[in-house]
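What follows draws every value from the coordinates through simple rules; no lab data is involved. Note that the structure is predicted; figures quoted are calculated from it, not measured. Cβ coordinates were reconstructed from backbone atoms using ideal geometry, including for glycine residues, and neighbour counts include every protein chain displayed.
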Amino acid sequence: MHEMGIANSVLDAVRTEMKRYPQSYPCKIGVRIGEMAAIDPEALRFCFEAMIHETDLASLELAIEICPRRHRCSGCGHEFVVRAYDSRCPQCASLATICVGGDELELAYLEVEEYGSSTVGAKSTE
Amino acid sequence: MDRVPLERKVLSENDRIAAELRARFQEHGVLCLNIISSPGSGKTTLLERTLAALTQRDRVAVLTGDIQTENDANRLKRFHFPVKQITTGGTCHLDARMIERHLADWKLEDLDLLFIENVGNLVCPSSYDLGEAAKVVVLSVTEGEDKPLKYPSIFFKSDLLILSKIDLLPYVPFEINAAAENARKVHPGMEIVKVSCQTGDGLQEWMNWLGERRKAHKALMETASR
């Protein structure tokens, strides 16, 4: 259960990034989580929401993209999603495949909105 | 509305410190291994047997992590190698900053081998790079043989699986071949060593693995310094 620490790192990154946009506020932070990253998305969301509750970031939305485990075949170069731990190449049946995705724990993007521009759903930070 | 691409790791601060540690380990030729398992799988006992088999010429040190108590450090200090306890006070894993802090008064040039015994936990330690050359996961036969499937991340990221307490196999319904098969489903080609710290079975195989790793690490250092 280290999702609290992960949520905290996400919020630290948002606050750091926002120093570059003093005229704006953050609306949405996009993160990518691999299915092999040992992160429970629901626990992360729970921790994230608990941490922003009644703070200046209370309206910040967390968008989570789950990334499947992907392998690339060393023989034929085919890239494929690994299901049920079957990492054999579906094209040439080779077992020599290497993992190229699935342990992501990444910040993908941040959506920011200028203060005063009236967008539906945007809340003031007061 | 503007979308700003970030494209960096969530734990980039941890990873930055880990990368610094890795560079320092490389500079001084230290092989660092991060040992991970559930609580009670036998990490400390394995380290006791390992330290007992090494000599002072081996220049080994241990950082051992727990939420509370100095018990593990006290057990490991009996072998007269440098040992330091990291008590996290509640945190369920070690992070790179804790390693950096606890290494501060050791001279890396005096070491060849550093064991980090992580907090007993199969989940969270898998997310935190400590600058190690390899992770080693320990699974005891009193656990389930499906653990690699239930906790794939750590089995996926570890170079070696140590199946421990094999002296108990006659008394527990643990299918050791199924455990190995499950580990290799998650991590094709994973190296596996079966040990009993009570009878000593398999310990030589583990020491051989360690010896091979140390040799390979040294060769890598020599190539890098050329």
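Annotation: amide H of B:Asp201 within the under-5 Å range of B:Ser196, sequence separation 5 or more or interchain, hydrogens built in the peptide plane. Backbone geometry of the stretch A:16-32 corresponds, through the Karplus equation with coefficients 6.51, -1.76 and 1.60 at θ = phi - 60°, to 3J(HN,Hα) couplings of 5, 4, 5, 4, 7, 10, x, 8, 10, 10, x, 9, 8, 10, x, 10, 10 Hz, x marking Gly and Pro.
Fewest first, what order do B:Cys32, B:Cys197 take by the number of other Cβ atoms within 10 Å?
On the way: B:Cys32 25, B:Cys197 21.
Least to most surrounded, the residues fall as B:Cys197, B:Cys32.
For B:Leu31, the amide hydrogen comes within under 5 Å of the amide hydrogens of B:Leu113, B:Leu114, counting only partners 5 or more places away or on other chains and with H modelled in the peptide plane. Between the alpha-carbon centres of the stretch B:165-226 and the stretch A:86-103 there is a gap of 24 Å. Taking amide H as placed 1.01 Å from N in the peptide plane, the amide H of B:Val138 sits under 5 Å from that of B:Ile36, B:Ser37, B:Ile162, each at least 5 places away or on another chain. Full extension of the chain segment joining B:Glu191 with B:Leu149 gains 13.5 nm, where the gain is 0.36 nm per residue of separation less the Cα-Cα distance.
With the cut-off at under 17 Å, measuring from each backbone N in the stretch A:91-116 to a point 7 Å along the Cα-to-Cβ line of A:Arg70 picks out A:91, A:97-109.
Quickly estimate the mean residue ellipticity at 222 nm for chain A, helices only: each DSSP H run with n ≥ 4 gives -39500 (n - 2.57), and the total goes over all residues, rounded to 500. Let's see the in-between values first.
Working: 2 runs with 28 residues, N = 126.
For chain A, the value works out to -7000 deg cm²/dmol.
Remark: A:His71, A:His78 ranked as A:His78, A:His71, counting other beta-carbon atoms within 10 Å and listing the fewest first. Neighbour counting of Cβ atoms within 10 Å sorts the residues B:Ile162, B:Ile192, A:Ile33, fewest neighbours leading, into B:Ile192, A:Ile33, B:Ile162. The alpha carbons of the stretch B:8-137 stretch over 43, 33, 23 Å along the principal axes, in descending order.
Restricting the GluC sites (Glu not before Pro) of the stretch A:6-111 to loop positions (DSSP other than H, G, I, E, B) with no more than 16 neighbouring Cβ atoms within 10 Å leaves A:Glu54.
Under the 0.36 nm per residue contour assumption, what length would be gained going from the current alpha-carbon distance of B:Ala178 and B:Asp159 to full extension? Please report the intermediate quantities before stating the final value.
Values: separation 19, 0.36 × 19 = 6.84 nm, distance 1.87 nm.
Working it through step by step, the gained length comes to 5.0 nm.
Listed values for the stretch A:47-60 are Karplus-derived 3J(HN,Hα) couplings in whole Hz (6.51 cos²θ - 1.76 cosθ + 1.60, θ = phi - 60°), namely 5, 4, 5, 5, 6, 8, 3, 6, 10, 5, 9, 4, 8, 5, and x replaces Gly and Pro. Test of the criteria: in the stretch A:22-126, which chymotrypsin sites (Phe, Trp or Tyr not before Pro) are in a DSSP loop and have at most 15 other Cβ atoms within 10 angstrom of their Cβ? Filter output for the stretch A:22-126: A:Tyr115. Computed with the Debye formula from one identical point scatterer per Cα of chain B, without solvent, the log10 of I(q)/I(0) at q = 0.07, 0.09, 0.13, 0.14 Å⁻¹ comes to -0.22, -0.37, -0.76, -0.89. Extending 7 Å from the Cα toward the beta-carbon at both B:Asp110 and B:Ala134 defines two label points whose distance is 2.7 nm.
Restricting the stretch B:79-175 to trypsin sites (Lys or Arg not before Pro) that sit in a DSSP loop and have at most 14 other Cβ atoms within 10 Å of their own Cβ leaves B:Lys107. Here the gap between B:Arg24 and B:Glu7, fully extended at 0.36 nm per residue and compared with their Cα-Cα distance, gives a gain of 3.5 nm.
Starting from the alpha-carbon convex hull of the protein assembly as shown, give the projected area averaged over all orientations, in nm².
Working: hull surface 85.3 nm².
The Cα convex hull of the protein assembly as shown, projected and averaged over all directions, gives 21.3 nm².
Restricting the count to DSSP beta bridges whose residues both fall in the protein assembly as shown, what percent are antiparallel, rounded to a multiple of 5? If I count the DSSP bridges inside the protein assembly as shown, around 40 percent turn out antiparallel.
Take the Cα of B:Gln198, go 7 Å toward its beta carbon, and the backbone nitrogen atoms of the stretch B:150-179 under 14 Å from that spot belong to B:164-173. Relative to a virtual label point 7 Å from the Cα of B:Ser225 in the Cα→beta-carbon direction, which members of the stretch B:24-40 show backbone nitrogen distances below 18 Å? Within reach of a label on B:Ser225, which here means backbone N under 18 Å from a point 7 Å along Cα→Cβ, the stretch B:24-40 contributes B:24-32. A P(r) calculated from all alpha carbon pairs of the stretch B:132-226, with 10 Å bins opening at zero, reads 16, 43, 29, 9, 3, 0 percent.
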